[in-house]
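What follows is a single structure, written as structure tokens, with notes after it.
The values are calculated or read from the model by the stated rules, or taken from the named source; none is laboratory data. Just so you know, these numbers come straight off a predicted model, no measurement behind them. A quick note on method: Cβ atoms are made from the backbone with ideal geometry, for glycine too, and the neighbour counts reach across all protein chains shown. Just the protein is used for accessible areas: all its heavy atoms, side chains included, with ligands, DNA and RNA removed. Shrake-Rupley method; radii C 1.70, N 1.55, O 1.52, S 1.80 Å.
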Amino acid sequence: MRAMYLRDVDVFIVVFAVSGSEDMAVYFFDVERAEKPCVNKLLGHSAPVLDVCWNYDESLLASCDTEVQ
């Protein structure tokens, strides 16, 4: 994912990697950060997360886990 922030003079781009985990969470990592690269953790799954996927314009993220109901 690439997030762009535009302000009056400042322009910068942050690049994230997103991953599902066996601890039932989705993690966001800032790939350019050396220390503590995990910038967000989404909770809510009741089983290990198998996959994450962005829609075509990266405005929505879907995730799925091993528990199918």
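Express the carbon and sulfur contribution to the solvent-accessible surface of the stretch 11-65 as a percent, rounded to the nearest whole number, probe 1.4 angstrom. Write out the running numbers ahead of the final one.
On the way: 2170 of 3850 Å².
Carbon and sulfur together cover 56 percent of it.
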Neighbours of VAL49 by Cβ distance under 15 Å: Lys/Arg at +1, Asp/Glu at -1, summed charge -4
Quick shape check on the stretch 16-69: root eigenvalues a ≥ b ≥ c of the Cα gyration tensor, a/c under 1.5 is rounded, otherwise prolate if a/b tops b/c, else oblate, and it reads oblate
Between the modelled labels at VAL15 and ASP51 (7 Å from Cα along Cα→Cβ) the distance in nm is 2.4 nm
